[in-house]
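Inspection log for the structure reproduced underneath, given as structure tokens.
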């Protein structure tokens, strides 16, 4: 029943995304709400979100194929498939943000490896190849030395790429709220949390009920409780230091999140729905073994992380780099009060629908995903 509902929601999301896909590919960026001042918008935030899920899912897969944790034997394939369908989702959203997406080939033939963007493009390419190799090897020789070596390489890439996304932001000295050395250190933790949240959904909703599923989702729930507390600590450190330091641009960005135009999303979606509700539910042993509730809490955590990525990108760009800039010039795309347009939301809906349907169809069609192991 749950799978049918998710199939329907995925198909609906894809249908709603067709308008955005058509507009971006055949009309261009006329209908976006970012512009000359707010240069990054919803698609960049969702790129961070999907990339975090993909790298985090791979980290979870290593529990099975690299570290041989018995309770997760046979679960790693779901994490690898989840990584394989969410990594393209990240690349689609960031490609749509590019003004000339067809020029991405230049990063391969004329790269500047000193730039984080070039490192990420090459890293993502290698990461996708490693995911594919991992799937092939785990199907043929899941416990072989070569499989462990490839999984170890994938784990390194997952951590490197997660930190690289944080570095992509933190090297922007012109944006004080991003220019922090802690971002590259925090993002791998956030990616792991996203990957565990996805696995809570996949194992809780799409694997057979029984003692094994209860044990798995219980362990994932315990890990999520710890990671939510870690995330709460990071939020407190980041925001309290920003406000106490009194650096104008950093403090103003934090105030926009806590008390300004983004406060409803921060307190209502990121904190209440994405952190407090899952924490309250998952600390209850009975609910933490129930696949439906654990999966639902995984969805809530993912929603919270999607909003959190927006709350990193949007407020920093809502602070003018020069005082009086917004008053000096007026026109389309010349303001800092960014709200995603219908077309931008449509594209994200379509990407979510594509990733959801790709996972479900693969789970129903591919023989290795249809087979469930019995672990004693």
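The values are calculated or read from the model by the stated rules, or taken from the named source; none is laboratory data. Quantities reported herein were computed from a predicted structural model and do not represent experimental measurements. Every residue, glycine among them, receives a Cβ derived from its backbone with ideal geometry; neighbour counts consider all protein chains shown.
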**Complete:** When restricted to 120, 126, 139, 132, the only residue touching a residue at least 12 places away in the same chain (Cβ under 8 Å) and closer than 18 Å to residue 40 by Cβ is 120
**Fill in**
Of the conditions (1) modelled with pLDDT under 95; (2) assigned to a helix (DSSP H, G or I), the single one that residue 191 does not satisfy is (1)
**Item:** Single residue of the stretch 192-249 satisfying the filter (without any contact (Cβ under 8 Å) to a residue 40 or more places away in the chain and surrounded by 15 or more Cβ atoms within 10 Å (Cβ to Cβ)) that is nearest to the chain's Cα centre (by Cα)
**Value:** 227
**Prompt:** With 79, 95, 118, 133 as the choices, which residue is touching a helix residue (DSSP H, G or I) at 6+ places or on another chain (Cβ under 9 Å), within 20 Å of residue 193 (Cα to Cα) and assigned to a helix (DSSP H, G or I)?
**Reply:** 79
**Item:** Hey, residue 60 touching a helix residue (DSSP H, G or I) at 6+ places or on another chain (Cβ under 7 Å) and part of a loop (DSSP other than H, G, I, E, B) or not
**Value:** no
**Prompt:** When you scan the stretch 316-376 for helices (runs of 4 or more DSSP H) that lie fully inside it, which ones turn up with 3 or more residues that are at pLDDT 80 or above?
**Reply:** 342-365, 367-370
**Message:** Please determine whether any residue of the stretch 33-50 is part of a loop (DSSP other than H, G, I, E, B) and without any contact (Cβ under 8 Å) to a residue 12 or more places away in the chain.
**Reply:** no
**Request:** Of all residues in the stretch 351-361, count the ones that are surrounded by fewer than 17 Cβ atoms within 10 Å (Cβ to Cβ) and either more than 15 Å from residue 8 (Cβ to Cβ) or within 15 Å of the chain's Cα centre (by Cα) (or both).
**Result:** 0
